[in-house]
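Report on the following structure.
Every number here is computed from the coordinates shown, using simple stated rules; none is lab data. Because the structure is a prediction, the values reported are computed rather than measured. Note: ideal-geometry Cβ built from the backbone for every residue, glycine included; neighbour counts use all protein chains shown.
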Amino acid sequence: MTDESQVGKGKIEIVNRSITRYDADAIVIPANPDLEFASMGVQGYVAADGGIEIFREASEIAHSYVKEHGEIDINGMTGKVPLYSAHLTTGGRLPAKHVIHSVALGYDSESGSYCNKEVIAESTRNALELGKEKGLTSIGLQP
C-alpha cells in the first residue's frame, strides 16, 4: 500500500513495508545517547539487512564527538551525544544510501529515560534538518 500527499514543494509518501526495504536517500532509526548498537527492534533489522558496519560507523561518530566535546551530562547520567541529536552514516547494504541515527529520548532524574510526542517532534525536526543540510531529498521515517 502506498499513499501520497503533496506538502509545499515536497511530498509525503506513506508505504506499508519494512523501513529496511525503503529506497530513499536516508532512513531514520532510533538511537541511544551513546549511539551503541541495540540488537533488538528496528536496529536489529537494520543490522541484519544493512550490515553491522552501519552501527560501527555510528559508534565512531560518538567517540569523535566525545573527543571534541567531552561526555554529555544527562541529569546525572552520561551520554556520548546530545539528546534529540541526529547523526548520518552510510546505508551499508540497505536500499537507502544513508541512515540517520536519531536520539529520540528524553531523560529526567525521577522517571529515567522516556519518549513522548515532544521528544519525537524535536528529534524528527533535527533528523530532517540534518537531511536538508546534507542535501538529501528523500527520507524514510517509521511510524
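Assorted remarks:
- Over the chain, dividing the summed -39,500 (n - 2.57) contributions of all DSSP H runs of at least 4 residues by the number of residues returns a 222 nm mean residue ellipticity of -10000 deg cm²/dmol.
- Label-to-label distance, nm, for residues given as Glu68 and Glu4 (7 Å Cα→Cβ offset): 3.7
- Binned Cα-Cα distance frequencies in the chain - 10 Å width, integer %: 12, 41, 35, 11, 1
- DSSP beta bridges fully contained in the chain are about 70 percent antiparallel.
- Most positive-pole-ward Cα, Gly44, Pro82, Ala26, against dipole of the chain from beta carbon charges: Ala26
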